[in-house]
Structure formats: structure tokens, C-alpha cells
Amino acid sequence: MAKDFDGKVAFVTGAGSGIGEAIALQLGERGAKVVVADLKLDSAETVVKAIKAAGGDAAAVAVDVGKMDQVESAVQFAVDTYGGLDLAVNNAGIGGKAAPLGDYGFDDWHKVIDVNLNSVFYSMKFEIAAMLKKGGGAIVNMASILGSVAFPNAPAYVTAKHGVVGMTKSAALDYAKKGIRVTAVGPGFIDTPLLSAMPKEAHDGLKAMHPIGRLGTGDEVAALTLFLLSDAASNITGSYHVVDGGFTAQ
């Protein structure tokens, strides 16, 4: 495994499971010092143990990304622990309640917007400040296929993910000449234990929605994310990249 992130400090939110875990593990394998941030500290610590067992370096921090002060503290933890910040993946998110817009509760709306959209603003605000002190860096924001298309009964989630794509483009233009690249990734349905536990008919229905004929994996999303973080993507910023088995091409 190439150590192309050797010496880099990476901060990943929602890294205690799923896509975030896969990203954190791959960053650790490729030499980055990884700050594993998650709402559940025990989950983050489990990922840290896995990174260290594979010979990498990592530290865990608990964070509720919907709360600005906690995000600020978590980013500062990364800086204090490893001396700066080079890479960030703003991955934490929730699905939210399923209901049409007219029936969507105010509390349900605010929760999804706080976790899926406001958190990306909070995270980038503090990440960018830290990266500027080192002369640059790279940020990947985890959007969704719902950053470009919509599903029924998901008004808050769709709004948040479209917002993440727009915020990514705006930040990329603001910092392109200051050495910070900002991109977004849009996963389709990813094969997780939660989806695997669905009734077979429903699971097969999800797979059939993807022209490739299957769901994606966390490792596939991680591979794209790490490419965008790497020097190989040095001319890529302000863009949104789907990894969705052809879903949005339909």
C-alpha cells in the first residue's frame, strides 16, 4: 500500500462506522495521522484501534456535529494532537424522518438541517482556518445522489444535500488561490448492515434501481474520496462526484 498521505493530518467526521470508517481506515493505511470523530466515542475508539493494529496512527474524539462549539473543539483537538490539519472529510449525517413536506415536523426539519448542512459550514469554517496556517489542504464534503436529484418524502435531506454541493462550490472559489481544494462526493445506496437486514424483496428493489445491478460499498466511496484528497487530484476543486452505479445517469 502506497504511503502517499505520509505525515498528513486528517480529520474525518462520522468516522465510527460505515463510509466514514472506511475512509478513516484507508487514510490510516496510506500513512495519514487520522482523527476519528464521531458522536459515539466508543465507536471512534474501535476504529482507532483498527488503524493502530494495522500500523497506523490515529486518535478518537467525540463530537455532535450539529453543535458549533463541539465542532470547533474537535478540530482544535486534531491541531493540538498532531500539530496542524491537512485533510478533512465532512461525512457525518443522518437520514431523518420520511414524510411529505406539508407533513414534515419543524423539529425533524431542524435536526436534519443542523446535522447534514449546518455541520458542514461549522466544520469547514474551523478546518479552513487550521489549513491556512499550514499553507493549504484538501476538504471533501459527503453529499449524496440527493445532492443532484430528489426522492419523495425527504424534503430536509434533499435540501441539505443540495446545500452541501452549493456550499462546496462556494468555498472552493473562495480558497482556490490559497491552496485549499474543496470537493463533494455523492454516494448512491451503499451496502451497510442496516440495508442488508431489510427484507429480501426490498433489498433487491434497491439494487434494481442501480444500472450496475448492485449497491455500492463503503470502500468504493472511500477510494474516490482519497483520490480527491490526494495530490493526484491537484487540479480538481469545486466539483461534485457521484459514486452511484449509474443511478443519476438514468
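Of the listed pairs Lys33/Lys169; Lys8/Lys133; Lys67/Lys111; Lys125/Lys178; Lys8/Lys52; Lys134/Lys178, which have alpha-carbon separations greater than 18 Å here? Beyond 18 Å: Lys33/Lys169. Across the range 1-141, the fraction of Cα-Cα pairs farther apart than 20 Å, rounded to a whole number, is 43%.
Rounded to the nearest 500, the helix-only mean residue ellipticity at 222 nm of the chain stands at -13500 deg cm²/dmol, with each DSSP H run of n ≥ 4 adding -39,500 (n - 2.57). Spatial offset of the range 210-250 relative to the range 110-165 amounts to 16 Å, using the alpha carbon center of each.
Where in the chain are the helices, taken as whole DSSP H runs, whose Cα atoms extend 24 angstrom or more along the long axis and whose Kyte-Doolittle mean reaches at least -1.0? Don't skip to the answer; put the middle values down first.
Numbers: long enough: 155-175 (30 Å, 0.18).
In the chain, the long hydrophobic H runs are 155-175.
Amide H to amide H, with H built 1.01 Å from N, Thr237 comes under 5 Å of no residue 5 or more places away or on another chain. Between Ala92 and Thr13, Gly14, the built amide H atoms are under 5 Å apart, and every one of these is 5 or more places off in sequence or on another chain. The Cα-based radius of gyration and maximum Cα-Cα distance (Dmax) for the range 9-243 are 17.0, 52 Å. Scanning residues 5 or more positions from Ile180 or on other chains, those with amide H under 5 Å from its amide H are Gly137, with H placed 1.01 Å from N in the peptide plane.
Only the coordinates and a few stated rules stand behind these numbers; no lab work does. The structure displayed is predicted, hence computed values, not measured ones.
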